[in-house]
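Coordinate-derived values only; no laboratory data. If you're wondering where the values come from, they're calculated on a predicted model, not measured in any experiment. Methodologically, a virtual Cβ is constructed for each residue, glycine included, from the backbone with ideal geometry; neighbour enumeration extends over all protein chains shown.
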Amino acid sequence: MIHKITRNNMKPRAGAAALFICLALVLSMVVALKPTTVSASTGETKQQRREVHALWAHPPDLGKTVEDVRRFVEKCKRARIDTVVLLVKGVVGEIYWKSRRFPQAIAKGYESFDLLEHFTREAHARGIRVDAWLCDFFEGADGAAFREHPEWAQLNPDGGNTTTEKLGLVRPYPYLWMCPARRPGYTDQWLLPMIEEVASYGVDSIHHDYVRYPGDVAPDSYCFCDYCLANLPRHAMLSYETGSNERYRVNRAQPRIEANWWSDPTMLPADWAQRDRREKADYILNGSTIPGGPPDMRFFFYDYRVQQIDNFVRETHERVKRINPKIEVSAAVFKNPIQSARFIGQQWQEWTPWVDVFMPMTYRSHFAGDFQSYLDHLTEVTKRQLEWIRREKPLYAGIASTYLFREEMKPFDEIRDRIADLKGLPPVDTAARAEGAMVVTADVEREQAARAARRAELARPIAAAFETMSKHLAEVAPERERALRVLVTAVTADDGRNATSESLDRLAKAINDLRLDLPPGFLPAEKLIRSIEAARKANPDGIIIFAAGSLTREKLWETLEKAFGR
């Protein structure tokens, strides 16, 4: 029997077909809007993530008026910046919001201009996220925290804080680090309350920086304050508090002494309480956990420091989420979490429960080798970073523009350093005049000759460094090259014999002014583009650039716009 087709039994089928076609069209449009890639290893199709573009910025980059802030936001928008990481607590403890609890820490010039409030409002109006950037355990010797609570500072085995250290051989270390462990102390009485205040501003994220122990001076020397000396042994339970006078010897059931660690020996010396700070620190760094075993006690020192930083990162996450569950936490971290755990207590690959975005500082200054080596290693390290965090959270590759130009900036550093050395030497004939003698003795002649030779050793590198940069400088800024050449000649003529303090100061100022305002085209902008492309090979979730002020000095904003537009 043939089924009779009517208009009534056609409608449901035609309607279903039309609905199917519409759904197919919508699905195809959605797929078209979301690029996909095919995995070479599995053949599976995966959705491609959109690359995030971020920028670290300092308060001077934004200015001190609403109009200045708006201009900066528009500049970021043109450069396709999605997130600005704005410094709100600086390296000497100064803050850039109108704090009710810590008004004594507000930076000079910002007492009546709430930079964080204005920037957050203007950035959000243009669709830009705001990460509030704090230099966590960094303070200044003249800062409010140390003035009010010097006992919060980290101490070395001699009882000195970090300002007693030297950078290189003679340069004083200008910064002061606060102890992350001490409670009550800087962490819970100062830093965490500051973070809570900032979170109340409606920022999108709290950004950790200097979330670690000092690594640029004496990384194994901090912290040995009284609190840490009391709590590090407790952290590892190196002895019992119950019956603290009882001593337990190792039960040597196994021939290798360290294999008997489980036998519960007392690991602290019997005279621990009588030892001074230096002796305790020496034991912690060089002692043996098992008497007669290898010198491995410092393992507990490193583990203790890692634990203190972990605790702070966790506490930050918990407090921020209580204020607003939507606020995230991000962190600027060193490139290798395995090594940074040992040297600075920053084992950041374990922070995925508490950090929403990682921003490793994969700066060229953290790599040896030439520029091509940096590009190769940048790709490799970024891949490893993604492996270390198991891609559990987003990771933005951090690139510092200034450090890319190591070769181009080397002459500036050479001239600056040699000027400083020359200023410490008197003119060649000073010794003769000081003698007040009518006849210059042989000893004075030898001294003058030695002074002349030393001045020549310093003046010639200045001339050579200038010649290295002069040809290119003459191409992009001929008038500045001619003016600078006059100043260089005044200092280096006759092998620097007649260079005066005034001529050296004039040259130093000119070099510094040039460095702060480089002529367009002086730096090879393609280095920034090539670095971004090298990082992209590792497929990170985003790129973050350090920093806005550097881009201005180096005339690289348009280059960044092109790179982020690709």
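Shown here for the range 234-339: trypsin sites (Lys or Arg not before Pro) in loop regions (DSSP other than H, G, I, E, B) with at most 13 other Cβ atoms within 10 Å, namely ARG247, ARG249, ARG256, LYS326. Straight-line cross-link reach from LYS471 at under 29 Å between alpha-carbon atoms covers these lysines, not counting any fewer than eight positions away in the same chain: LYS410, LYS423, LYS509, LYS527, LYS555, LYS562.
For the range 407-516, a simple Cβ point-charge model (Lys and Arg +1, Asp and Glu -1, everything else neutral) yields a dipole of about 140 debye relative to the Cα centre.
Straight-line reach from LYS98: taking Cα to Cα under 24 Å and skipping same-chain neighbours fewer than 8 places apart, the lysines in range are LYS64, LYS89, LYS108, LYS321, LYS326.
Which net charge results for the neighbourhood of ALA79, defined as the other residues with beta-carbon distances under 11 angstrom from its beta-carbon, given Lys and Arg at +1 and Asp and Glu at -1? Here the charged neighbours net out to +1. Label separation (ASP142 vs ARG416): 2.1 nm, computed from points 7 Å beyond Cα along the C-beta direction.
Once backbone amide H atoms are built at 1.01 Å from N, GLU165 has TYR173 as its partners under 5 Å, excluding neighbours fewer than 5 places away on the same chain. Summing Lys and Arg as +1 and Asp and Glu as -1 over all other residues whose Cβ lies under 12 Å from the Cβ of ASP136 gives a net charge of -1. Show that you can apply the helix-only estimate: for the chain, add -39,500 (n - 2.57) for every DSSP H stretch of four or more residues, divide by all residues, and state [θ] at 222 nm to the nearest 500. Only helices count here, giving -14500 deg cm²/dmol. Measuring between their Cα centroids, the range 552-566 and the range 95-171 lie 29 Å from each other.
DSSP beta bridges confined to the chain are antiparallel in about 20 percent of cases.
Compute the FRET efficiency between SER200 and ALA442 as 1/(1 + (r/R0)^6), taking r as their Cβ-Cβ distance and R0 = 60 Å, and round to the nearest 0.05. The formula returns an efficiency of 0.20 here. Arranged from fewest to most other beta-carbon atoms within 10 Å of their beta carbon, LYS77, LYS108, LYS471 become LYS108, LYS471, LYS77. Charge tally around PHE146: other residues with Cβ under 13 Å, Lys/Arg +1 each, Asp/Glu -1 each, net -4. Here the simple spin-label model places points 7 Å from the Cα toward Cβ, and for ARG71 and ILE338 these points are separated by 4.9 nm.
In order along the range 534-545, the phi-based Karplus estimate (6.51 cos²θ - 1.76 cosθ + 1.60, θ = phi - 60°) of 3J(HN,Hα) comes to 5, 5, 4, 4, 7, 6, x, 7, x, 10, 10, 10 Hz; Gly and Pro are listed as x. On full extension, the segment bounded by ARG485 and LYS537 gains 14.4 nm, given 0.36 nm per residue less the C-alpha separation. Full extension of the chain between HIS58 and ASN251 gives 63.6 nm of extra length, using 0.36 nm per residue less the Cα-Cα distance. Using the Cβ-Cβ distance between LYS509 and ALA450 with R0 set to 45 Å, the FRET efficiency from 1/(1 + (r/R0)^6) comes to roughly 0.95.
Among rounded, prolate and oblate, which fits the range 238-296 when a ≥ b ≥ c are the square roots of the eigenvalues of its C-alpha gyration tensor, a/c under 1.5 means rounded, and a/b larger than b/c means prolate? Verdict is oblate for the range 238-296.
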